[in-house]
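First up is the structure itself, then whatever we jot down about it.
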């Protein structure tokens, strides 16, 4: 889960269990877009994971 820094000016209230923020739509759209990029990158790496490990094994075998 990514960490997000949000200015305190958007803070409406807080208690021991939660905080309430009043965020403009532009801030929400920006956070959603950035999170989408992170998820896409994770997906790409996940699909290439086995290929990367196979390549690593091949390089290790060449060294031995």
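Read-outs throughout are calculated quantities, based only on the coordinates presented, and are distinct from any laboratory measurement. What you are looking at is a predicted structure, and each value in this text was computed from that prediction instead of being measured. All Cβ positions, glycine included, derive from the backbone under ideal geometry; neighbour counts span all protein chains shown.
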Which residue pairs have Cβ atoms under 6 Å apart, sit 6 or more places apart or on different chains, and have a first residue in the range 14-39 that is under 19 Å from residue 3 (Cβ atoms) and a second that is in a helix (DSSP H, G or I)? 21/10; 23/10
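Search the range 1-48 for residues being in a helix (DSSP H, G or I) and touching a helix residue (DSSP H, G or I) at 6+ places or on another chain (Cβ under 9 Å), and hand back the single one that is surrounded by the most Cβ atoms within 10 Å (Cβ to Cβ). Before the answer, list the steps.
Within the range 1-48, the subset in a helix (DSSP H, G or I) is 8-10, 25-48.
Next cut, touching a helix residue (DSSP H, G or I) at 6+ places or on another chain (Cβ under 9 Å) only: 10, 27, 45.
On the way: 10: 13, 27: 15, 45: 10.
Only one residue tops the list, namely 27.
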